[in-house]
1. Which numbered condition in (1) open to solvent by 50 Å² or more (accessible area, probe 1.4 Å); (2) among the hydrophobic types (A, V, I, L, M, F, W, C); (3) touching a strand residue (DSSP E or B) at 6+ places or on another chain (Cβ under 9 Å) is the only one that Ile67 fails?
2. Only one of Ser157, Ser135, Ser180, Ser99 is surrounded by fewer than 18 Cβ atoms within 10 Å (Cβ to Cβ) and within 24 Å of Glu76 (Cβ to Cβ). Can you tell me which?
3. Test Leu71 against the stated conditions and say whether it is at pLDDT 95 or above and either within 14 Å of the chain's Cα centre (by Cα) or part of a loop (DSSP other than H, G, I, E, B) (or both).
4. Out of all the residues in the stretch 40-59, is one or more assigned to a strand (DSSP E or B) and either more than 12 Å from the chain's Cα centre (by Cα) or exposed (fewer than 14 other Cβ atoms within 10 Å of the Cβ) (or both)?
5. Take the conditions over 21 Å from Ala156 (Cβ atoms), open to solvent by less than 30 Å² (accessible area, probe 1.4 Å) and among the charged types (D, E, K, R) and apply them to Asp37. Does it pass?
6. Among all residue pairs at least 6 apart or on different chains, which show Cβ distances below 6 Å where the first residue, located in the stretch 28-39, is of a type in the set (Asp, Glu) and the second is in a loop (DSSP other than H, G, I, E, B) and open to solvent by 70 Å² or more (accessible area, probe 1.4 Å)?
Amino acid sequence: MASQAAGKNIGYVLVDGTEGTFRGAVLVTDFRGIPADFRYTDPITPSKIEKILYGNALDVYIKEELILESLVGAVEVTPVLWVCREGDLLDPLAKLAKSKTILLAPTARSPLDATGDIEKQNDPGSYIVQADGVSAPLRFSLPGEKNREEDARSAASILVEAAATMDLLEPFSRMGKAMSALGEEKSGS
């Protein structure tokens, strides 16, 4: 099974806009969670005049055009699946990415019957999958109108294969810590 995973990667996207400062990062890992590519942006703090001129469009502009577009365009290792955890990034990421794109989140549900089981949810394009044999199932959503069962099964298959050798949500934690460390380095120098 490990040899099947050779050459396959998952791309993680994280954009943070808390406290009026925006930062973003992408981490592409192999199916063991080992980094293959990492890109990040410097913090972006809009000026008072930018906030006035852009109004409600400011967050979207910074997240999608300044951060997401530059990060996805800079990645040199193309993943088979892009994963984000912010719902407002799913559709823009799907438009930019050259691979499948999903929103991934934990659930508190009890495990489904078997690894690989998939269950359609009430929200359009939303499913849960039993990615491994012991954890709670994961919730994933497809972008836009992509509610096709075959797309969901394909994404679930990638998740199950990767979950055999890694924790699928853990890279988000590493990315958050890396962005914090980068912020500390910049302010300390």
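The values are calculated or read from the model by the stated rules, or taken from the named source; none is laboratory data. Since the structure is predicted, the reported quantities are computational estimates derived from the model, not experimental observations. All Cβ positions, glycine included, derive from the backbone under ideal geometry; neighbour counts span all protein chains shown. Side chains included, ligands, DNA and RNA excluded: accessible areas come from the protein's heavy atoms. Shrake-Rupley method; radii C 1.70, N 1.55, O 1.52, S 1.80 Å.
1. (1)
2. From the options Ser157, Ser135, Ser180, Ser99, the qualifying one is Ser99.
3. Yes.
4. Among the residues of the stretch 40-59, at least one is assigned to a strand (DSSP E or B) and either more than 12 Å from the chain's Cα centre (by Cα) or exposed (fewer than 14 other Cβ atoms within 10 Å of the Cβ) (or both), which makes the answer yes.
5. Yes, satisfied.
6. Matching pairs, first to second residue: Asp37/Glu76.
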